[in-house]
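*Asks:* Have a look at this one.
Laboratory data are not the source of any read-out in this text; all were calculated from the coordinates shown. Quick caveat, the model's predicted, so the values are computed rather than measured. As a convention, Cβ positions derive from the backbone with ideal geometry for all residues, glycine included, and neighbour counts pool all protein chains shown.
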Amino acid sequence: MAAYGTLTSPSGGLTEHACHVLLAGMGEGSGQKTGANFDRIRENVAASFKQGSNCRSVLLFRHSIRGPIPKDPRLRDVPLTPEGVALSRRYGEKVGGRWPIARVLSSPMQRCRQTARGFCDGAGVDVSVDVDSRLGDPGPFVVQADLAWQAYLTLGKHELVDRLTVGDRSLRGFRSIDEGVAILLGCLFETRGDATDRRHRAGYRLTLAFSHDIIMALLLANLRGEVLRRSLWPEFHEGILLTQQGDSGDVMYKGSRIASFEGLRRSPHKDRV
């Protein structure tokens with residue numbers, strides 16, 4: 001798996017990456033498990049704020065609880081269930097106004113937009129939600145919609161992610177996992193727009209992003225350098241915390257540090273779960 005040296009800008013931050021992909025916000029499993037310990041996420045985020053003013057953090061969430069996704073791709077944009085709407089708002093209420101949120105990003109799929117809006121409303125945060133197709137529909141890994149969707153239906157999400165992780169060249173409709181992760185990280189860490197820049201200058205250093213489990217699973221597998229165990233699959237409304245200082249950073253997931261960046265090269269961490 002490739003190093004991330006191409007992500008750096010002259011100022012040492014991550015550069016914006018063009019996204020020339022076509023579809024998909026591909027489906028996730030229909031189980032109703034949710035992130036087991038939101039308090040642990042809050043503790044990790046709070047700790048990141050103590051690392052200094054040049055530390056930037058991104059909390060990448062899977063969307064909240066939704067109903068089953070039909071096999072017909074025209075019907076895949078399913079909303080949250082009432083339970084999912086309530087959960088996103090409840091998690092936001094746990095945060096209140098205590099997080100210095102500079103930016104909120106969401107996949108175009110309505111379940112992600114609903115989760116983002118519910119979370120922000122619950123937290124009492126007046127920040128617009130920026131929709132970005134690098135987080136879903138199509139996301140950073142798909143280059144040909146119909147082929148990617150058929151692969152998902154044929155293989156199922158777990159085998160699909162496993163085969164993309166090991167670089168299976170027989171899969172059509174996808175870019176490589178390294179390319180996709182570079183695009184995803186570029187989306188998460190870029191800053192653009194006067195409002196976002198003003199909030200960063202005012203000390204707001206946290207980006208919230210809402211995406212899908214397949215995208216998050218591929219990111220985790222790439223950062224860990226191995227096929228993702230089923231026990232580590234992202235549950236509904238579970239989050240990955242990425243912190244960056246210069247071109248170095250850490251990745252926290254399920255309460256543990258699972259990877260670190262050194263010169264934007266991916267390396268597993270000794271405390272990985």
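*Asks:* How much net charge surrounds V142 when only the other residues with a Cβ under 12 Å from the Cβ of V142 are counted, with Lys and Arg +1 and Asp and Glu -1? Write out the running numbers ahead of the final one.
*Replies:* Working: positive: R134, R172, R175; negative: D137, D146, E179.
Local charge sum for V142: 0.
*Asks:* Once you put a point 7 Å from the Cα of D121 and another 7 Å from the Cα of D178, both along the Cβ direction, what distance in nm separates them?
*Replies:* That separation, rounded to one decimal, is 4.4 nm.
*Asks:* Sticking with this structure for a sec: Expressed in nm to one decimal, what extension gain is obtained for the pair R40 and Q245 from 0.36 nm per residue of sequence separation less their Cα-Cα distance?
*Replies:* So the extension gain works out to 71.6 nm.
*Asks:* Using a basic spin-label model with each label point 7 Å from the Cα along Cα→Cβ, how many nm lie between D168 and K94?
*Replies:* Taking the simple label geometry, D168 and K94 are separated by 3.5 nm.
*Asks:* Each label point is 7 Å from the Cα along the Cα-to-Cβ direction; what then is the distance between the points at A86 and R230, in nm?
*Replies:* Output for this residue pair reads 3.0 nm.
*Asks:* Name the residues whose placed amide hydrogens come within less than 5 Å of the amide hydrogen of E238, ignoring near sequence neighbours (fewer than 5 apart) on the same chain.
*Replies:* The answer is G35, R62.
*Asks:* Something else: Given an 8 Å cut-off on Cα distances and at least 6 residues of separation, report the relative contact order of region 50-97 as a percent.
*Replies:* Across region 50-97, relative contact order equals 31 percent.
*Asks:* Could you tally the net charge around F210, taking each other residue with its Cβ under 11 Å from the Cβ of F210, Lys/Arg +1 and Asp/Glu -1?
*Replies:* In short, +2.
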